[in-house]
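J.: Here it is, the structure in full.
The values are calculated or read from the model by the stated rules, or taken from the named source; none is laboratory data. Everything numeric here is computed off the predicted structure, so don't read it as measured data. No Cβ is skipped: glycine too gets one built from the backbone with ideal geometry, and neighbour counts run over all protein chains shown.
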C-alpha cells in the first residue's frame, strides 16, 4: 500500500508543468503525437514523458491486442492539454503499418507530429539504453520539446528532426542487407531516384516532422497485406526499408532535416 501511495505521489510530481510555451505568436499550434504500443509495460513511462508537451496535442495511439487495459489504467496520467484517441490494430507491420494505415487522414490537419512507439531491443544487450536515448531526445523534458518546436517554428523549411545515432548503432547506419531493394519500388512510385548509399535516416523510426514534408508517402495506397507476418525479424523487411526513406522523401520535397540530442541540435 505504501509503495502504491509513493507511486501516485511520483506521478503527480511529474504531472506538474514547470513552464508553459507562449503560443500567441507561434506558427505551430496544432500538434499530434502518433504512438504505437506493443509493450504495455512501457505505457506509463511514455505517458509521463508526453506531459513534457505543454501545447495542446492529440495523442493518437494504436495498440496491439492486450494493451488496452494498461492504456486505460494510465490515461489519467496525461495532462489536461493532451487528448487521447486510441484504437486496437493487428500485430503486423510493427509501428510502421499502424502509422500508415490509421489516423493518416488526420495528419495534414496538424502543423507538427511526433512519431514514437514502445521499443525494446531484446535481441542485443549492446542496445540497452537506445530506447532512453530516443525518448529523451524527442520528449525527454519540457525544455527539449520546447526547443524542438521552436526550431521548427523558426525554420519553415525544416521537415524532420530525429535523434542522433545511439553510439552502438552507428556501424549499422546504412541501407543494410536487402532494404535498398525493398525501398526502390516505393521510391520509384514517388519519382525519386534511389541513392546508392544511405547514411541519413531516423534509426528507430521515431522523429518529429511536418506532415507535408513526407505526405507523398501517404499518397500511396497501403494495405495490411503489404507487410509481413510478425516473426521477430531484425532487418530486411518493408518496415526497415520505409524507415530508411523518410528523410529521402523529405529532402526530395525540399525540406531540411536535423538530428537532436537531449540538450543539443545537430545540423
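J.: Take the conditions part of a strand (DSSP E or B) and farther than 20 Å from residue 236 by Cβ and apply them to residue 191. Does it pass?
T.: No; evaluated as a whole, the condition is false for this residue.
J.: Turning to a different aspect of this structure: Report, by residue number, each residue of the stretch 229-238 that is assigned to a loop (DSSP other than H, G, I, E, B) and under 17 Å from residue 180 (Cα atoms).
T.: Those that are assigned to a loop (DSSP other than H, G, I, E, B) and under 17 Å from residue 180 (Cα atoms): 233, 234, 235, 236, 237.
J.: Only residues that are in contact with a strand residue (DSSP E or B) (Cβ under 9 Å, 6 or more places away or on another chain) and in a helix (DSSP H, G or I): list them for the stretch 50-84, please.
T.: 50, 68, 70, 71, 72, 75
J.: Closer than 22 Å to residue 113 by Cβ, in a strand (DSSP E or B) and at pLDDT 95 or above - does that describe any residue in the stretch 41-49?
T.: No, every residue in the stretch 41-49 fails to be closer than 22 Å to residue 113 by Cβ, in a strand (DSSP E or B) and at pLDDT 95 or above.
J.: Further question: Based on what the data block shows, is residue 250 touching a helix residue (DSSP H, G or I) at 6+ places or on another chain (Cβ under 7 Å), more than 27 Å from residue 109 (Cβ to Cβ) and either at pLDDT 95 or above or surrounded by fewer than 16 Cβ atoms within 10 Å (Cβ to Cβ) (or both)?
T.: So residue 250 does not fit the description; no.
J.: Please verify whether residue 244 is under 15 Å from the mean Cα position of the chain (by Cα) and either at pLDDT below 95 or within 25 Å of residue 29 (Cβ to Cβ) (or both), treating the condition exactly as stated.
T.: no
J.: If you don't mind, there's one more thing I want to ask. Being modelled with pLDDT under 95 and either touching a helix residue (DSSP H, G or I) at 6+ places or on another chain (Cβ under 7 Å) or under 28 Å from residue 247 (Cβ atoms) (or both) narrows it down to one residue among 92, 13, 27, 115; which is it?
T.: 27
J.: Return the total of residues in the stretch 57-72 being crowded, with 22+ Cβ neighbours inside 10 Å and in contact (Cβ under 8 Å) with a residue 40 or more places away in the chain.
T.: Here the count works out to 2.
J.: Something else now. Pick from 182, 187, 224: which is loosely packed, with under 14 Cβ neighbours inside 10 Å and modelled with pLDDT of 95 or more?
T.: One residue alone meets the criteria, 224.
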